[in-house]
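Visitor: Below is the structure I would like to discuss, written out as structure tokens.
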């Protein structure tokens, strides 16, 4: 198309119904038919003048401001504030007050009971003292032999007051006995020498070769009175490390070795009973243990069962005591057989008498008498 025609078409017709070209983002629009030559890039559809664009620098920009923080509360020390206390509901406070009241009254009641008990004991003691003063003989009245202090108490005082001296004497006596090489040398050192001579000639054995005591294992000494008679006991290990426990009693003005109590020697030994030695009326020193063994000849509802062992623990026999007998009652008290927790437990040394078990024989015997606890004859 010719240039003249294009220009006439653009300018005719009036108004602004034609096209107007502008640069996008520019200022005012420039008519296409103006004196300017060339083509501007951009397109606007419609009439009128575009509003001028306000530069960004002029437009206000809203800004978020942080409000000034208030000054923090000053911290207070624990001495001023105290430890934190949990919040307790009203119902819990009532329960706590009720518990405190109950505790107070219970404590008060306990104090009243204790005071009453102490007062009762004081009253009873005063009554006994008054009765004793009324019943006591007047001053200068003769005292019967039965009211004198028993010899046993004097023996206990003797051992307690002179325990150090007696232990030294027992150690020296044990050294002489350990060095003996024959019954003739050992016999003067033992208790009741004439009575036990025949048993020693049959059962005595030398102490052992080498040193008498294990190196670094000195004998332990203590006072024992199982049977009611006080005695000095020395326990330890021999030179061959076998154990010993030797007992010394007072005889006359000095000590003697109780050979029978030291080795558990009786008029008949457990090993001899197993070999058929007569037992009627003869004493036996044994380690007695409660048992649950009941053969048909000794039913459980009629007899108490016990195991009798020797001092070395190598031999044992079964012995039975009739239920309700004195010997059964003595062992029941010793082993607490009337209770559940301590029933059939432990062992004790005792000197007893046995009887043949009739036609049963073998290792069964009947306990007829418990002479005393321990192996030291009172």
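Since every read-out is calculated from the coordinates, none of them should be taken as a lab result. Given the structure is predicted, the values throughout are model-derived calculations rather than measurements. Cβ sites come from the backbone with ideal geometry, for glycine too, and all protein chains shown count toward neighbours.
Visitor: May I ask you to derive the relative contact order of region 152-263, considering only C-alpha pairs under 8 Å and at least 6 residues apart, and to give it as an integer percent?
Guide: Relative contact order here is 26 percent.
Visitor: Taking just the alpha carbons, could you work out the radius of gyration and Dmax for region 152-263, both in angstroms?
Guide: That works out to 13.9, 41 Å for Rg and Dmax.
Visitor: Roughly how many nanometres apart are two label points built 7 Å out from the Cα toward the Cβ at residue 182 and residue 267?
Guide: 3.0
Visitor: Between residue 355 and residue 294, what is 0.36 nm times their sequence separation minus the Cα-Cα distance? Round to one decimal in nm.
Guide: Values: separation 61, 0.36 × 61 = 21.96 nm, distance 1.72 nm.
This chain segment gains 20.2 nm when fully extended.
Visitor: Could you please rank 163, 262, placing first whichever residue has the fewest other Cβ atoms within 10 Å of its Cβ?
Guide: On the way: 163 15, 262 23.
If I rank by nearby Cβ atoms, fewest first, I get 163, 262.
Visitor: Using 0.36 nm times the number of residues separating residue 225 and residue 334, minus their current alpha carbon distance, what extension gain do you get?
Guide: 37.7 nm
Visitor: Could you list 167, 232 in order of exposure, starting from the residue whose Cβ has the fewest other Cβ atoms within 10 Å?
Guide: Taking fewest neighbouring Cβ atoms as first place, the list is 167, 232.
Visitor: Need the C-alpha centroid separation for region 156-193 versus region 305-333, integer Å.
Guide: 31
Visitor: Assuming 0.36 nm per residue, please report the length gained on full extension of the stretch residue 209 to residue 235 beyond their Cα-Cα distance.
Guide: 7.5 nm
Visitor: Could you list the residues of region 262-292 with an amide nitrogen less than 14 Å from a label point located 7 Å from the Cα of residue 371 in the Cα-to-C-beta direction?
Guide: Within reach of a label on residue 371, which here means backbone N under 14 Å from a point 7 Å along Cα→Cβ, region 262-292 contributes 262-270, 279-287.
Visitor: I would also like to ask the following. Pop the C-beta distance of residue 161 and residue 314 into the FRET formula with R0 = 45 Å and round what comes out to the nearest 0.05.
Guide: Here the calculated transfer efficiency is 0.65.
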